[in-house]
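K.L.:
Take a look at the following structure, please.
The values are calculated or read from the model by the stated rules, or taken from the named source; none is laboratory data. Quick caveat: nothing in here was measured; it's all calculated off a predicted structure. Positions of Cβ are generated from backbone atoms using ideal geometry, with glycine treated the same way; all protein chains shown enter the neighbour counts. Note: areas computed on protein heavy atoms with side chains; ligands, DNA, RNA excluded. Shrake-Rupley method; radii C 1.70, N 1.55, O 1.52, S 1.80 Å.
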Amino acid sequence: MAGPIGVFDSGYGGLTILSAIRSELPEYDYVYLGDNARAPYGSRSFDIVYRFTLEAVEELFARGCHLVILACNTASAKALRNIQQLDLPRLDPSRRVLGVIRPTVEAIGDVTRNGHIGIFATPGTVASGSYEIEIAKQHGDFAVTAHACPMWVPLVENREADRPGADYFVRQEVDALLAADGDVDTIILGCTHYPLLYDKIRAAVPSRIEIVRQGEIVAHSLADYLRRHPEMDARLTRGGRTTYLTTENPDKFSSLATLFLGHDIEAERIEL
């Protein structure tokens, strides 16, 4: 039986990915699941992130999703490989779980001019080394500097992203990254919250440096995936509907979700 595309994030940031995917592929149905009650994932251990992410994937499978996007860099870094290699063969080999790191890395080869890549991400994603590993696979001669920005997610979720106080925290991290490698010419925003700080990051970063946001990249990658896998495309429903699920208070989720989506939504609370 056909079903919707599942989109998972530990909280709200994946909504920036969902928004881009819906713009590219508006005809499909989607189920978005935010594990807000247990967020943030960025500082949690590999084992915990893996367990939490697997629980979410199993919930989305139970709701009819044949394809799930981990719209979360931390989950992609700490859980995706295990789920693909260990769990899908057991749960259902015909289903697929995809992440956001690989398509982002694939895209930067067309952006950078000198191969010096900077990455802003959560402490968990930086600690995983996932970007360095994936970039080494695809672009072996690139120089990578990953920098953790622990204050940026709280700034966004506390509605401080547009306020003057956020400038200090953005400038601090930009200066630290460029001090580590002044030749960086491409910066990846390796957390799905960070696009909400884009204007401040752009103002703080020299104009010669390209800033890569993941939403459109992941959307284009998914569209290409479905073109190349018609057997999966045939298992997806098309009604233009989106269902929002959260493990936290649904009114709280709906209120903050408007920051990421630009329109009102209604969410349902579930247990994982």
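K.L.:
When the Kirkwood hydrodynamic radius is evaluated over all pairs of different C-alpha atoms of the chain, what value in angstrom, to one decimal, is obtained?
P.N.:
Kirkwood hydrodynamic radius for the chain: 18.7 Å.
K.L.:
So what J values fall out for region 44-54 if you push phi through Karplus, 6.51 cos²θ - 1.76 cosθ + 1.60 with θ = phi - 60°, rounded to Hz, Gly and Pro as x?
P.N.:
With the stated coefficients, region 44-54 comes to 7, 6, 4, 4, 5, 4, 4, 5, 5, 5, 4 Hz.
K.L.:
Give the Cα extents of region 166-208 along the principal axes, in whole Å, largest first.
P.N.:
Largest to smallest, the principal-axis extents are 25, 19, 17 Å.
K.L.:
How high is the relative contact order of region 99-210, given as a whole-number percent (alpha carbon pairs under 8 Å, six or more residues apart)?
P.N.:
36 percent
K.L.:
Also, quick follow-up: How large is the charge dipole for the chain, taken about the Cα centre, if only the Cβ atoms of Lys, Arg (+1) and Asp, Glu (-1) carry charge, to the nearest 20 debye?
P.N.:
Charge dipole, the chain, about its Cα centre: 300 debye, nearest 20.
K.L.:
Most fluctuating residue of P250, P93, P154 in a GNM of the chain with Cα springs under 10 Å: which is it?
P.N.:
Greatest mean-square fluctuation among the candidates belongs to P93.
K.L.:
Report the FRET efficiency, 1/(1 + (r/R0)^6), for E58 and D224, where r is their Cβ-Cβ distance and R0 is 35 Å, rounded to 0.05.
P.N.:
FRET efficiency, E58 to D224: 0.85.
K.L.:
Still on this structure: Enumerate the calculated ³J(HN,Hα) couplings along region 89-104 in order (Karplus 6.51 cos²θ - 1.76 cosθ + 1.60, θ = phi - 60°), each rounded to whole Hz, writing x wherever the residue is Gly or Pro.
P.N.:
x, 7, 6, 4, x, 7, 8, 9, 10, 10, x, 10, 6, 4, x, 5
K.L.:
Heavy atoms of the protein only, probe of 1.4 Å, neighbouring chains included. What is the accessible area of Y12 in Å², nearest 10?
P.N.:
Ignoring ligands and nucleic acids, Y12 comes out at about 10 Å².
K.L.:
Accessible area per residue of region 150-230 at 1.4 Å probe, in Å²?
P.N.:
I get 47 Å² per residue for region 150-230.
K.L.:
If you don't mind, there's one more thing I want to ask. According to the square roots a ≥ b ≥ c of the eigenvalues of the Cα gyration tensor, what is the shape class of region 168-272, taking rounded for a/c under 1.5, prolate for a/b larger than b/c otherwise, and oblate for the remainder?
P.N.:
Here region 168-272 falls in the oblate category.
K.L.:
Follow-up. If contacts are Cα pairs under 8 angstrom and at least 6 residues apart, what is the relative contact order of the chain in percent?
P.N.:
28 percent
K.L.:
Using Cα centres only, tell me the gap between region 24-93 and region 104-153 in whole Å.
P.N.:
With region 24-93 and region 104-153 each reduced to a Cα centre, they are spaced 21 Å.
K.L.:
Ok, one more. Relative contact order, percent, of region 37-129 when contacts are C-alpha pairs under 8 Å separated by at least 6 residues?
P.N.:
It comes to 37 percent, rounded to a whole number.
K.L.:
If you build a Gaussian network model of the chain, linking Cα atoms that sit under 10 Å apart, which residue out of L70, L15, L88 swings the most?
P.N.:
L88
K.L.:
Sticking with this structure for a sec: Please list 27-34, 157-164 highest first by mean number of surrounding beta-carbon atoms within 10 Å per residue.
P.N.:
Going from most to least packed, we get 27-34, 157-164.
K.L.:
For the charge dipole of region 65-174, defined by +1 on Lys and Arg C-beta atoms and -1 on Asp and Glu C-beta atoms about the Cα centroid, which residue among G165, L98, V153 has the Cα displaced farthest towards the positive pole?
P.N.:
After comparing all options, I get L98.
K.L.:
Next question. Of F61, F46, which has the most accessible area and how do the rest follow, probe 1.4 Å?
P.N.:
The ordering from most to least exposed comes out as F46, F61.
K.L.:
Compute the Rg to Rh ratio over region 1-145 from the alpha carbon atoms, using the Kirkwood formula for Rh, and round to two decimal places.
P.N.:
0.97
K.L.:
May I ask you to list the trypsin sites (Lys or Arg not before Pro) in region 197-241 that are in a DSSP loop and have at most 15 other Cβ atoms within 10 Å of their Cβ?
P.N.:
Passing sites in region 197-241 are R208, R238, R241.
K.L.:
Can you pull the percent of the chain's accessible area that's carbon plus sulfur, 1.4 Å probe, other chains left in place?
P.N.:
48 percent
K.L.:
A further question follows. Whose amide H sits under 5 Å from the amide H of Y30, counting only residues 5 or more places off or on another chain, with H placed in the peptide plane?
P.N.:
Under 5 Å from the amide H of Y30 lie the amide H atoms of I5, R241, T242, T243, each far enough along the sequence or on another chain.
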